[in-house]
Amino acid sequence: MDASSILSPVGITLLVLLGASATALWINRAQAISTLYRWFSPSPRMRDALRPVADTLVPDWRRDSGWPRSRYSAAWRISELRKLGKPPFLVVGGVYLDISIRPVRVSKLEDNEFYDLDTPVVGCGGSALHFGQELYRRAGIKSRLYTRLGKSDQLRAIIRREPWIRGRRPRIDRGGQSGVSLHLIQDEGQFHTTFTHTGVVARLSWSDIKHHIGRRAQRGGVLYIAGFFRTGLCVDLRETLARFPYKLLVCLEHGRFKAKANPSANAALQLAFEEQLVDVYLCTDAELCELMSACGLVVDRRNGPAAALTYFARQRTPPQIVVVRSRAGDGTALAHVLFGGEVFEVAGQGAPPPHGIGSKGRFMATFVHELVTGRPDEDPRRVVVHAAEQAVQSWVGHNRKERDVSPR
């Protein structure tokens with residue numbers, strides 16, 4: 001075909017039609033890929049060949065085709081993230097100015113004054129921060145932190161020195177106060193009492209961060225949501241998680257809370273669980289019982305985490321992976337894992353830290369990191385149980401490290 005024929009009316013018409021067809025195909029590329037995927041369904045070889053091409057050209061083709069997130073299992077997401085090698089970690093939650101006071105030798109507040117305290121320790125805290133710190137210490141992985149800070153120059157200065165935070169710094173809300181936590185640690189460290197002012201953390205919402213998270217996790221990643229009940233993340237939780245990329249593994253831990261304190265957040269979380277929008281749920285035995293109480297379930301904590309997990313799975317629809325941290329009667333570290341309808345118990349070789357400030361960060365970071373690290377074709381059950389084993393040992397190891405560096 002020469003130039004004159006191309007420039008003829010028929011040639012120009014054909015070029016316009018081809019251009020329009022290509023444009024329409026590109027605009028509707030997700031539907032086109034979905035149609036091809038259905039056509040090739042009888043042929044696993046053709047379907048497997050099409051999938052990586054589709055994932056490269058249109059990472060969100062599954063979502064744009066109208067397929068729900070629940071169509072894909074947590075095990076599938078873990079396998080896909082293992083193929084990536086180093087998936088991005090996106091951490092969402094509150095960061096607080098932490099003030100720790102010890103030793104506190106009274107168990108009840110009284111009208112008195114005490115002069116024998118150690119030097120107060122001032123730093124930054126919060127589950128989101130501890131997770132990012134421990135992930136960096138364990139594997140050298142930097143994470144993106146999504147939080148909200150207020151008018152605390154001291155907290156902002158501390159955050160700027162954190163080496164594990166990748167990319168942009170947290171949003172500053174100059175019209176409010178940063179979150180503050182006061183920790184009163186008992187003399188022997190057997191427990192601690194925390195007083196928290198959430199400040200602008202309570203205003204942390206999906207509207208500020210969801211688009212940035214969606215772009216960063218377009219080809220997959222790990223979303224870690226921490227301290228859920230102290231934030232505003234309950235608003236539009238279902239709609240936001242449902243629109244995130246399908247290869248984004250959603251992990252959630254809410255920390256300590258009161259079942260009747262925030263009914264709207266309870267309802268939002270239960271709906272996200274029922275629709276399988278959360279892949280991994282991490283908690284303690286006390287937190288699990290409190291959540292079950294919020295769901296209207298009567299549970300006796302004395303029966304143990306395994307019984308509570310089994311009952312929870314029968315009465316409600318929990319996430320596909322649930323990990324419960326606890327201590328045995330002799331103080332030994334324990335983890336109970338719900339996966340595939342079965343409950344597995346993992347025991348550590350020793351006791352975890354007694355007071356627990358920041359210590360759970362190592363457990364959480366180890367478990368999630370182990371999930372997405374390794375061979376993509378490894379048995380999912382073995383992957384989850386092995387991750388729990390490593391997490392429990394890291395929790396105990398944290399205790400050994402603390403004892404080694406304590407003053408003598």
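Using the 2.2 N^0.38 Å rule of thumb for compact globular proteins, work out how the stretch 306-358 stacks up: its C-alpha Rg over that value, please.
Numbers: Rg = 12.5 Å, N = 53, 2.2 N^0.38 = 9.9 Å.
Normalised Cα radius of gyration, the stretch 306-358: 1.25.
Averaged over residues, the count of other Cβ atoms within 10 Å places the peptides 388-396, 75-83 in the sequence 388-396, 75-83, highest first. Note on Thr198: accessible area approximately 40 square angstrom, rounded to 10, probe 1.4 Å, nucleic acids and ligands left out.
For the stretch 234-387, the solvent-accessible area works out to 40 Å² per residue, with a probe of 1.4 Å and every protein chain left in place.
What does the highest-first list of 108-117, 269-278 look like by mean Cβ count within 10 Å?
Numbers: 108-117: 6.8, 269-278: 19.3.
Per-residue mean Cβ counts within 10 Å order the peptides as 269-278, 108-117.
Rolling a 1.4 Å probe over the protein heavy atoms of the stretch 269-364, with every protein chain left in place, gives an accessible area that is 45 percent carbon and sulfur. For the stretch 328-378, the calculated P(r), taken from all Cα-Cα distances in 5 Å bins from zero up to the bin holding the longest distance, is 4, 15, 19, 26, 20, 10, 4, 1 percent.
3J(HN,Hα) couplings calculated from phi for the stretch 182-187 with the Karplus curve 6.51 cos²θ - 1.76 cosθ + 1.60 (θ = phi - 60°) are, in sequence order, 10, 9, 9, 9, 5, 3 Hz; Gly and Pro show x. Report P(r) for the stretch 122-168: all Cα-Cα distances, bin width 5 Å, range 0 to the bin holding the largest distance, values in whole percent. For the stretch 122-168, the pair-distance distribution reads 5, 20, 33, 27, 11, 3, 0.
Close amide-amide hydrogen proximity is noted between Asp98 and Gly123, Cys124, Gly125, Ser181, each under 5 Å apart and 5 or more residues distant or on a separate chain (H modeled in the peptide plane; Pro and chain starts excluded).
Assuming 0.36 nm per residue, please report the length gained on full extension of the stretch Ala259 to Arg215 beyond their Cα-Cα distance. Spell out each step's value before the answer.
Values: separation 44, 0.36 × 44 = 15.84 nm, distance 3.42 nm.
Taking 0.36 nm per residue and subtracting the Cα distance, the gain is 12.4 nm.
Where both bridge residues fall in the stretch 89-197, DSSP classifies roughly 45% of the beta bridges as antiparallel.
A full extension of the chain between Lys108 and Leu182 corresponds to an added length of 25.0 nm, given 0.36 nm per residue minus the alpha carbon distance. Set against the 2.2 N^0.38 Å expectation for a compact globular protein, the stretch 260-345 has a Cα radius of gyration ratio of 1.04.
Hey, can you rank 174-183, 225-234, 281-290, 158-167 by average C-beta count inside 10 Å, highest first? Spell out each step's value before the answer.
On the way: 174-183: 18.1, 225-234: 24.1, 281-290: 21.0, 158-167: 15.1.
Highest to lowest by the protection proxy: 225-234, 281-290, 174-183, 158-167.
Determine the gain in length on full extension of the stretch Tyr115-Asp153; use 0.36 nm per residue of separation and subtract their C-alpha separation, reporting nm with one decimal.
Values: separation 38, 0.36 × 38 = 13.68 nm, distance 2.86 nm.
10.8 nm is the gain from fully extending Tyr115 to Asp153.
3J(HN,Hα) along the stretch 345-353: 10, 10, 10, x, 9, x, 9, x, x Hz, from the Karplus curve 6.51 cos²θ - 1.76 cosθ + 1.60 with θ = phi - 60°, whole Hz, x for Gly and Pro. Put simply, the amide H of Arg148, placed in the peptide plane, has neighbours under 5 Å in Val95, leaving out anything fewer than 5 places away on its chain. Bridgeable lysines around Lys86 (alpha carbons under 30 Å apart, same-chain partners fewer than 8 residues away excluded): Lys142, Lys210, Lys247, Lys360, Lys401.
Between Phe195 and Ala328, the distance separating the two model label sites (each 7 Å from Cα on the Cα→Cβ line) works out to 3.9 nm.
Residues whose amide H comes within less than 5 Å of that of Gln177, counting only those at least five positions distant or on another chain, are Lys151, Val200 (H built at 1.01 Å from N in the peptide plane). Residue by residue, the stretch 87-99 carries 3J(HN,Hα) couplings of x, x, 10, 10, 10, 10, x, x, 10, 10, 7, 9, 10 Hz when phi is fed to the Karplus relation 6.51 cos²θ - 1.76 cosθ + 1.60 (θ = phi - 60°); x denotes Gly or Pro. Annotation: average projected area of the stretch 166-264 is 8.5 square nanometres, based on the convex hull of Cα atoms across all directions.
The values are calculated or read from the model by the stated rules, or taken from the named source; none is laboratory data. Note that the coordinates shown come from a computational prediction; the quantities given were computed from them, not determined experimentally. Cβ coordinates were reconstructed from backbone atoms using ideal geometry, including for glycine residues, and neighbour counts include every protein chain displayed. The accessibility values were calculated without ligands, DNA or RNA, using every heavy atom of the protein model including side chains. Shrake-Rupley method; radii C 1.70, N 1.55, O 1.52, S 1.80 Å.
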